[in-house]
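Report on the structure given below.
The values are calculated or read from the model by the stated rules, or taken from the named source; none is laboratory data. Here the structure is a predicted model, which is why all the values come from computation and not from measurement. Cβ sites come from the backbone with ideal geometry, for glycine too, and all protein chains shown count toward neighbours. Just so you know, the surface numbers come from the protein's heavy atoms only, side chains and all, with ligands and any DNA or RNA stripped out. Shrake-Rupley method; radii C 1.70, N 1.55, O 1.52, S 1.80 Å.
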Amino acid sequence: REVWLDVREKSYIEDLYITTPDLTTLKIKPTLQNAEGCILLVELQKGERVLVKKAFTAGGVITIRCPGVKSWDTEHPILYTCRVSLLKIGRVMDTREVKVGFRTAEFKADGFYLNGKKTFLRGLNRHQCWPYVGYAVPERLQREDARILKQELACVAVRTSHYPQSQYFIDECDRLGLLVWQDMPNGDQGPQWQMHNYFNGAEKHRSAESEANFRKEWKEIIDCLYSVPSIGVWVPFNEAWGQFKAPEIAEWTKAYDPSRLVNPASGGNHYLTGDILDTHHYPHPRMTLLDTNRATVLGEYGGIGLVMKEHLWEPDRNWGYVRLNSPKEVTDEYEKYADMLYKLIGRGFAAAVYTQTTDVEVEVNGLMTYDRKVMKVEPERIRRINERICNALNK
């Protein structure tokens, strides 16, 4: 193994929090150390061309107008480089570079709006699970997952269940135009799970230590991904796992990062908070609740299983909501569910996430085997089906 040490100056940039409040404005909140008497030089570039170059007194939030920039979206994910340098008496003490995409994301009661345009979010659920080397999927396969989702299967969104997203995958989502829903990893038992009504039971009580740990780790995940253009939705809870103080956590998340949407509880337990009402229904799509003040989404459905005997994580155990026998049968069932979903979009669904991208552990309901060696569906048909769903609002 190789290790190295980086030498840094006494004055340095600890972190940068970059968002785009609108399609021509850059907002930078730097965290600096020992920056008295320093200035910040901000440069926005596209390739070698410098579009903006401005200097500011170090400290405080920086807002810069960037006329003429093009927006980042799922069809044209245009990225710029923002370089921030900390200078003291003309000497560069530290420099950071961040990829920037000018985009806005908003859920209204009638749907999702990306850059002011109503867009249906067709996505797949993705777990980062690998039976070798501590569950970390290799870099090459992470990048390939993103490419397959966007370019071969025509998805515009991906929900990353139960784990923080890796930089490899995120870089490809930024580059390709995949909008990411980022979950908070949750363990522990939850309260009773009420899927298809607003929660009226007793919430889970966490110890003070457990609650503090949750809040610390959730903040760290948001901080790590705060400046990423493709991050569109924060999901603090899934299916009541470890769910506690859901309205308070959702409201804190929205206040901490107003530039993203908050899905407070994917699959329940549901409260009148956040931007999204997210129901789950397996195997086929179904609308069990509709919120007239927030966006209603189908956060999980599908789970069509196909066993590929030479590509099983656990050869003696496997499971799926529906068990079929060939890629054609799986694709036929996928299309049947898509036809159901298409009709429900007209009734109010703003997004839908199919389970799932690859097989995971004993689950054999992926569109690919866990090792990514076999596509378990007919990809060209899946692409056409997804394109029809994505264009449902343009009919």
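Side notes on the structure shown:
- Every pair of residues 6+ apart whose Cβ atoms lie under 8 Å, when the first sits in the range 208-227 and is in a helix (DSSP H, G or I) while the second is of a type in the set (K, R): E211/K245; F214/R206
- Among the residues making up the range 69-92, those that are crowded, with 20+ Cβ neighbours inside 10 Å, of a type in the set (A, V, I, L, M) and either closer than 23 Å to C155 by Cβ or in contact (Cβ under 8 Å) with a residue 60 or more places away in the chain (or both) are V84, L86.
- Flag for A212 being of a type in the set (A, V, I, L, M) and surrounded by fewer than 18 Cβ atoms within 10 Å (Cβ to Cβ): yes
- Here L272 clears all of (1) assigned to a helix (DSSP H, G or I); (2) open to solvent by 50 Å² or more (accessible area, probe 1.4 Å) except the condition numbered (1).
- Residue check, A202 open to solvent by 20 Å² or more (accessible area, probe 1.4 Å), under 19 Å from P264 (Cβ atoms) and hydrophobic (A, V, I, L, M, F, W, C): yes
- Apart from one condition, D174 fits all of (1) touching a Pro at 6+ places or on another chain (Cβ under 8 Å); (2) over 22 Å from Y354 (Cα atoms); the exception is (2).
- Breaking point among (1) under 19 Å from the mean Cα position of the chain (by Cα); (2) more than 16 Å from K108 (Cα to Cα), for G305: (1)
- The range 8-50, residues that are charged (D, E, K, R) and either part of a strand (DSSP E or B) or over 26 Å from the mean Cα position of the chain (by Cα) (or both): R8, E9, K10, E14, D15, K27, K29, E36, E43, K46, E48, R49
- Of all residues in the range 155-176, those satisfying the criterion of being small (G, A, S) and either surrounded by 20 or more Cβ atoms within 10 Å (Cβ to Cβ) or outside any loop (DSSP other than H, G, I, E, B) (or both) are A157, S161.
- Scanning the range 176-208 for residues that are over 26 Å from the mean Cα position of the chain (by Cα) and among the polar types (S, T, N, Q) yields Q192, N200, S207.
- Tally, over the range 51-65, of residues that are in a strand (DSSP E or B) and more than 30 Å from the chain's Cα centre (by Cα): 5
- Filter pass, A255 being buried (at least 18 other Cβ atoms within 10 Å of the Cβ), among the small types (G, A, S) and either within 29 Å of R286 (Cα to Cα) or out of contact with any Gly (no Cβ under 9 Å at 6 or more places or on another chain) (or both): no
- Any hit, the range 225-240, residues being open to solvent by 60 Å² or more (accessible area, probe 1.4 Å) and modelled with pLDDT of 90 or more: no
- Among the residues making up the range 339-395, those that are more than 30 Å from K108 (Cα to Cα), in contact with a strand residue (DSSP E or B) (Cβ under 6 Å, 6 or more places away or on another chain) and surrounded by fewer than 18 Cβ atoms within 10 Å (Cβ to Cβ) are V362, M375.
- Of the residues making up the range 25-54, those that are open to solvent by 40 Å² or more (accessible area, probe 1.4 Å), polar (S, T, N, Q) and out of contact with any Asp or Glu (no Cβ under 7 Å at 6 or more places or on another chain) number 1.
- Output for the range 122-151, where each listed residue is closer than 19 Å to S230 by Cα and either part of a strand (DSSP E or B) or open to solvent by 60 Å² or more (accessible area, probe 1.4 Å) (or both): R122, G123, L124, N125, R126, E139, R143, E144, R147, Q151
- Residue check for D73: within 22 Å of E36 (Cβ to Cβ) and not aromatic (F, W, Y): no
- Any hit, the range 102-119, residues being in contact with a helix residue (DSSP H, G or I) (Cβ under 9 Å, 6 or more places away or on another chain), open to solvent by less than 60 Å² (accessible area, probe 1.4 Å), in contact (Cβ under 8 Å) with a residue 60 or more places away in the chain and assigned to a loop (DSSP other than H, G, I, E, B): no
- Scanning the range 340-376 for residues that are within 18 Å of V156 (Cβ to Cβ), part of a loop (DSSP other than H, G, I, E, B) and β-branched (V, I, T) turns up just one, T357.
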